[in-house]
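I have placed the structure first, in the form of structure tokens, so that the comments after it can refer back to it.
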Amino acid sequence: MLEMDFQTSVPNPASAAPPDSPAASPTPAVARAHKSLPGDSLPPAVVPGPGGKLQLKGLSLPELKELFRTWGEPEYRAVQVMEWMYQRAARSFGDMTNLPKGLRQRLEETCSIEAVSPETRQVASDGTTKYLFGLADGHAVETVLMPHDYGNSVCVTSQVGCRMGCVFCASTLGGVARNCSVGEMVDQVVFVQRELAAKGEHVSSVVLMGSGEPLENYEAVVAFIRLLGDPRGLGIGLRHITLSTCGIVPGIRRLAAEDLPITLAVSLHAPTDELRSRMVPVNRRFALAELLEAGRDYASQTRRRLTFEYILIKDLNDSLEDARTLAHLMKGQLAHVNLIPANPVPERGVERTPQAQVEAFARILEERGVPVTVRREMGTDIDAACGQLRRRRGRDR
């Protein structure tokens, strides 16, 4: 494993803030104070750029056009700025050489286009790279680059922390501080795209499987997905985008009506309500019958096959009887099951299911006609599980 701090990167603005400034004291975790239940939407993130500047990263073309209209600038300036931010991954307004000098100066004085600041990264022997990004208010999020033979996939974080309480996840240990803004999500992808472009490569797919529950940050996540797919944005095909949810049923139903041909992945992880309520506490609010009904309706409405994710944890949910129960549960679903050997999380006592048991579990599903894959393990020699690097660096508070 190789771990590197970004010594030459732009410093996190919060790191230089006075001790009594808001940036120096990140907001206490919402999980400790927020009155809503897990599964309710959290308030949208309102995160200004450094120095209170307007954060342009995350704005759509109509929003940029409105800004430039109020400045008395022609609409095509919005198109130019959008292309510089998302397609050319510009790091400063000075790079935008087709803009008039006066406009570049005004943008520099009043706006910002960098929403995340790299702090450190770990590089695994298989090329998997985990980044820790600082945010303008002193918090931090993780992003993962996963190189495949079919292209490069980026795993994006949608919340600062998580309050879902899943027993196998490190990101939920410190609760959730807030939602990520659209700009913070987009900039995770833009940063990785910039690094890949230097090698003649590009981001080919995005998965919303980092820390947090995307459907608790619904409006920002949908806006982020639309920016990813916009030809003037990142230009990533919507069919190459996956959103993973713990099973927030109202969000699943709402997403079905968005006309977004993305892949929906549901974190199932257990074949019974009793076990799933222990492993994924939101099941106490949205039980299996309600979740599976929403899944069937989603597939019917979107004509897109779902993925049911099933993390295999030694002696918890990996018995052959669990496999048989899961196969029965999948009847009538337009879906496939993705088995995930667990990343060890010492704080949770999570141990990996032996490979022979993984294969036997998969075989039972196959014999009963359930489409099944076993996820390829990546980044096993770094802090690969969600939240591990952020927690190890003391950034989960």
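Points worth noting:
- Test: residue in the stretch 179-190 that is over 13 Å from the mean Cα position of the chain (by Cα) and free of Cβ contacts under 8 Å to residues at least 40 places away in the same chain: no
- Here Leu306 meets the list (1) touching a residue at least 60 places away in the same chain (Cβ under 8 Å); (2) under 30 Å from Thr129 (Cα atoms) almost entirely, failing just condition (1).
- Within the stretch 67-83, residues that are outside the structural domain of Leu227 (by TED's automatic domain parsing) and closer than 20 Å to Gly233 by Cβ reach partners that are part of a helix (DSSP H, G or I) and among the aromatic types (Phe, Trp, Tyr) with beta carbons closer than 7 Å, at six or more positions or on different chains, in the pairs Glu75/Phe68; Arg77/Phe68; Ala78/Phe68.
- Verdict on Glu114 being acidic (Asp, Glu) and modelled with pLDDT of 95 or more: no
- Subset tally (residues that are crowded, with 21+ Cβ neighbours inside 10 Å and not in a helix (DSSP H, G or I)) for the stretch 75-88: 0
- The C-beta contact set for the stretch 136-158 (first residue surrounded by fewer than 24 Cβ atoms within 10 Å (Cβ to Cβ), second residue assigned to a loop (DSSP other than H, G, I, E, B) and of a type in the set (D, E, K, R), distance under 7 angstrom, 6+ apart or interchain) comprises Asn152/Glu201.
- Filter pass, Asp381 being out of contact with any Phe, Trp or Tyr (no Cβ under 6 Å at 6 or more places or on another chain), in the same structural domain as Arg178 (by TED's automatic domain parsing) and at pLDDT below 95: yes
- Residue within the stretch 350-361 that is at positive phi and surrounded by fewer than 16 Cβ atoms within 10 Å (Cβ to Cβ) present: no
- The stretch 167-184, subset of a type in the set (A, V, I, L, M, F, W, C) and at pLDDT 90 or above, residue nearest to Glu347 (Cα to Cα): Val176
- Considering only residues in the stretch 59-74 that are assigned to a loop (DSSP other than H, G, I, E, B) and out of contact with any Leu (no Cβ under 7 Å at 6 or more places or on another chain), the one that is farthest from Asp187 (Cα to Cα) turns out to be Gly72.
- Checking Thr242 against (1) touching a residue at least 12 places away in the same chain (Cβ under 8 Å); (2) in contact with a helix residue (DSSP H, G or I) (Cβ under 9 Å, 6 or more places away or on another chain), the condition it does not meet: (2)
- Residues of the stretch 216-235 classified as among the β-branched types (Val, Ile, Thr) and touching a residue at least 40 places away in the same chain (Cβ under 8 Å), total: 1
- Scanning the stretch 294-317 for residues that are closer than 15 Å to Gly349 by Cβ, surrounded by 15 or more Cβ atoms within 10 Å (Cβ to Cβ) and not aliphatic (A, V, I, L, M) returns Lys314, Asn317.
- Residues of the stretch 126-146 that are under 16 Å from Arg376 (Cβ atoms) and out of contact with any Leu (no Cβ under 9 Å at 6 or more places or on another chain): Asp126, Val144, Met146.
The values are calculated or read from the model by the stated rules, or taken from the named source; none is laboratory data. Keep in mind the model is a prediction, meaning the values are calculated, not measured. Ideal geometry is used to build each Cβ from the backbone, glycine not excepted, and the neighbour counts take in all protein chains shown.
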